[in-house]
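The structure appears right after this line, and notes come after that.
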Amino acid sequence: MNKQPVDLNKEQKQSIKTARITGVWYLMMAISGILGFMVFHSQIFVSGDPEQTLTNLVELESTGIIRLLLEFAIVISQALTAIWFYKLFKDKYEWEAWTLGIWGMVNAIAIMISAISIASALGVANSDTGALEDKVLLIQVFQSIISNAWGIGGLFFGLWLFPMGFMVIKSKRMPVWLGRVIVLGGIGYLISTVIRYAGIDFGFNRFLTLPATIGEFWMIGYLLIFGIRPITE
């Protein structure tokens, strides 16, 4: 007679464990993203100045390698976050969980393109062959690819938040307003990316992704602290 409550309790404990592992991967993605893109990137890659970037890649090679390794960490943790989100929600929301997983993997691929370009830039800069002018030109190309991988990647950085937010709202296994903020963040990412590449001069464009930042850190905190609520149905 007590078998069903025991099974439900066991299932909830497993769900909480899965949620917290998801939170760990998500936190790793956030930390590696902040360190890699916001801290170390500008120390090496100078926007609009491939000559200085080339100099940095040579003189600060170890810093460039750290930047590359952090990009690896972003790719890996993004992929694992997508997989564990799928695992967390697949039983009740299989289609949405697949969508989140696939779009999250596209994010990882976009960042992997950036990682390939960083590795290529390091290789060219520290090569013993090739004229200086050729190296500068190649560095300029790689810089452009890195910038656009992250820039155009904003489309899927936004898209993967839609199924995430939808599942939070629909399941009520996390705060409903968390889901709404995440969806708003997804919309902000899409609009911000379109504005940037449409060449529209909008001084507050960077603030459009603020809801996504708030929502994602809220999600990380909730996953790590509370995990996920029991199924109420």
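Okay, here's what the table says:
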| quantity | calculated |
| --- | --- |
| Selected residue (only one of Arg206, Arg229, Arg196, Arg173 is basic (Lys, Arg), open to solvent by less than 40 Å² (accessible area, probe 1.4 Å) and modelled with pLDDT under 95) | Arg173 |
| From the options Gly33, Gly48, residue that is surrounded by fewer than 22 Cβ atoms within 10 Å (Cβ to Cβ) and more than 14 Å from the chain's Cα centre (by Cα) | Gly48 |
| Residue list for region 51-69, restricted to those being crowded, with 18+ Cβ neighbours inside 10 Å, over 21 Å from the mean Cα position of the chain (by Cα) and not β-branched (Val, Ile, Thr) | Leu54, Asn56, Leu57 |
| Out of Gly158, Gly185, sole residue that is open to solvent by less than 90 Å² (accessible area, probe 1.4 Å), at negative phi, part of a helix (DSSP H, G or I) and in contact (Cβ under 8 Å) with a residue 40 or more places away in the chain | Gly158 |
| Candidates Ser114, Ser147, Ser120, filtered to the one that is polar (S, T, N, Q) and surrounded by 19 or more Cβ atoms within 10 Å (Cβ to Cβ) | Ser114 |
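The values are calculated or read from the model by the stated rules, or taken from the named source; none is laboratory data. Keep in mind that what you see is a predicted model, and the values were worked out from it rather than measured. Here the Cβ is made from the backbone with ideal geometry for all residues, glycine too, and neighbour counts use every protein chain on show. For the accessible areas, the whole protein counts, side chains as well, though only heavy atoms, and no ligand, DNA or RNA atoms are used. Shrake-Rupley method; radii C 1.70, N 1.55, O 1.52, S 1.80 Å.
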